[in-house]
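Undergrad: Below are the structure tokens for one structure; questions will follow.
The values are calculated or read from the model by the stated rules, or taken from the named source; none is laboratory data. Computed from a prediction, not measured in an experiment: that's the story for all the values here. Because the Cβ atoms are built from the backbone with ideal geometry, glycine has one as well, and the counts that use them run over all protein chains shown.
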Amino acid sequence: MFTRQARQQRQQRERQADEQAMLACLPRLRRYARALTGAREAADDLVQDTLERAWQKLDSWQRGSPMRPWLFSIMHNLHADARRRASPATVALDEYGEIDQAQAALDPGVLLDLETALQLLPPEQREVLLLVVLEEMRYEEVAVTLGIPTGTVMSRLSRARERLRRVMQGQGESSPGSSLKVVK
Amino acid sequence: MKTPAIPEEDLHAFADGQLPAARASEIAAWLEQDPTQAEAAEQVRDWRWQKRALHAHFDPVLEEALPPRLVAAVLAGASRQEQPRAPAANAARWWRMAAMLLLSMASGVGGWYLHDIGDDGRHARAQAPLVLARQAAVAHAVFSADLRRPVEVGADQEQALVTWLSRRLGASLRAPKLAPLGYDLIGGRLLPGQSGPVAQFMYQDAAGQRLTLYVSHEQVQNRETGFRFAQEGKVNVFYWIDGQFGYALSGGIARTELSRIASSVYEQLSPLTSSPPR
């Protein structure tokens, strides 16, 4: 009886710690999801799905190891599944309305172009770029999170940066997306 | 000075600060001094600009208040760990689960305990005050730790704050005066509750210790309860129901001190009650 109680108490403490660790990751999960999806509601939906999945498969997390890469990895898998299910990604122009220009510290016009350019990247490249640049993960960490070799991380990163640069200089190849100019 | 071509991978690692220090300073010197590296230097500048722009654009998300549905997803998942059940179908059920979690951690709930999980109606009725305490504790933890924006409206506009919150809750609210007890009102915010908006007033003492008073106007039982005490991690909560109002005072201070302040809040908000609750 005593040991059972002790075990319950330990489990309770662990669960409280898990809860705190997960809450602490929330702001960064939201930032990444926002940049990945380009839309506020869709991003929070993705975060919510990630949290629910995380609890379901808590056993796959090694207690004591950092929780952040594990959560990002779950989010990556969910997002990839959703991409496979969905028809070729389309972003409603309306969703750009969510962008709060007043919050931007730099020239808002430049930033809107950046947002557009980001969404024009293939999702695989966008993921790598965001994990390296926004999340500041090490390349090896990105590789583990996305389940790809480090060499693939490097080639996607290189293509993402180059493509972003070209798109922002107006030299991007014409795709249906690039004609969606944001007018604000 | 003639320098070797820099492998592209190293250039990325340099721009991302992922190179060993010695190699990084070598590359920095080449980029700076060798005109034949001008193109590489230009690339690095571009990439760093991209980085600054991405941070400037997306970092504000880090400062946003957490959507309650996401906080709920964390808590509901936690309680499911303890009580494996079918996946929750709706938010109300999640909150009930979160309440169960709190129950398991609460001490001194004073004779009240969860006795009938099967009967949803009775269960929900018995749970309501505890859900309130749990929500209050979470709201306290989330916002009292927010150094930049703990409140939506500051106490310098106290009248406007109270008027605004009253209008949104559809009830006349008051912010109790706790200055005699050492706590000044610093402001408040509106939060989503179970079925409608709830208000949170925040107080702070000279040392920066914060207390929050969580006020809901969605209690359907229309009854009174005595003071109840709950504990969620380091947060102590005194809560009570008064008609349609539910109140919860949360803080990371000793139970006895919080109890003293809670009594004062109770007396100020229930002027018609001659004696403090049980």
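Undergrad: Please find, within the range B:209-226, the residue that is modelled with the highest pLDDT out of those that are outside any strand (DSSP E or B) and surrounded by 15 or more Cβ atoms within 10 Å (Cβ to Cβ).
TA: So, considering only residues that are outside any strand (DSSP E or B) and surrounded by 15 or more Cβ atoms within 10 Å (Cβ to Cβ), the one modelled with the highest pLDDT is B:209.
Undergrad: A follow-up question, please. So which of B:229, B:238, B:201 ends up being under 19 Å from residue B:156 (Cβ atoms) and either assigned to a strand (DSSP E or B) or not basic (Lys, Arg) (or both)?
TA: Only one candidate passes the filter, namely B:201.
Undergrad: If I ask for residues that are at pLDDT 90 or above and not in a helix (DSSP H, G or I), which ones from the range B:7-60 would you list?
TA: Correct list: B:7, B:16, B:17, B:18, B:19, B:20, B:59.
Undergrad: Looking at the range B:137-186, which of its residues are of a type in the set (Asp, Glu) and in a loop (DSSP other than H, G, I, E, B)?
TA: The answer is B:146, B:152.
Undergrad: Name the residues in the range A:5-40 that are touching a Lys or Arg at 6+ places or on another chain (Cβ under 8 Å) and more than 8 Å from chain B (Cβ to nearest Cβ), would you?
TA: Correct list: A:14, A:25, A:36, A:40.
Undergrad: Might you let me know whether the range B:241-253 holds any residue that is among the aliphatic types (A, V, I, L, M), touching a Leu at 6+ places or on another chain (Cβ under 7 Å) and closer than 11 Å to residue B:136 by Cβ?
TA: Within the range B:241-253, one or more residues are among the aliphatic types (A, V, I, L, M), touching a Leu at 6+ places or on another chain (Cβ under 7 Å) and closer than 11 Å to residue B:136 by Cβ.
Undergrad: Something else: Could you count how many residues in the range A:121-133 are outside any helix (DSSP H, G or I) and either modelled with pLDDT of 95 or more or in the same structural domain as residue A:36 (by TED's automatic domain parsing) (or both)?
TA: 0
Yes or no, residue by residue, for (1) surrounded by 15 or more Cβ atoms within 10 Å (Cβ to Cβ); (2) at pLDDT 90 or above; (3) over 21 Å from residue A:144 (Cβ atoms):
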{"position": "A:57", "(1), (2), (3)": "no, no, no"}
{"position": "A:63", "(1), (2), (3)": "no, no, no"}
{"position": "A:66", "(1), (2), (3)": "no, no, no"}
{"position": "A:79", "(1), (2), (3)": "yes, yes, no"}
{"position": "A:82", "(1), (2), (3)": "yes, no, yes"}
{"position": "A:87", "(1), (2), (3)": "no, no, yes"}
{"position": "A:92", "(1), (2), (3)": "no, no, yes"}
{"position": "A:95", "(1), (2), (3)": "yes, no, yes"}
{"position": "A:99", "(1), (2), (3)": "yes, no, yes"}
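Undergrad: Note down all Cβ pairs under 8 Å where the first residue falls in the range A:130-153 and is at the interface with chain B (Cβ under 10 Å from one of its Cβ atoms), the second is of a type in the set (S, T, N, Q), and they're at least six residues apart or on different chains.
TA: Listed by first residue and then by second, the contacts come to A:133/B:50; A:137/A:145; A:138/B:18; A:139/A:150; A:139/B:18; A:140/A:150.
Undergrad: Go through A:60, A:73, A:65 for me and flag whichever is touching a Ser or Thr at 6+ places or on another chain (Cβ under 9 Å), more than 10 Å from every other protein chain (Cβ to nearest Cβ) and of a type in the set (S, T, N, Q).
TA: The unique qualifying residue is A:73.
Undergrad: While we're on this one: In the range B:3-59, which residues are surrounded by fewer than 16 Cβ atoms within 10 Å (Cβ to Cβ), under 24 Å from residue A:131 (Cβ atoms) and among the aliphatic types (A, V, I, L, M)?
TA: B:21, B:24
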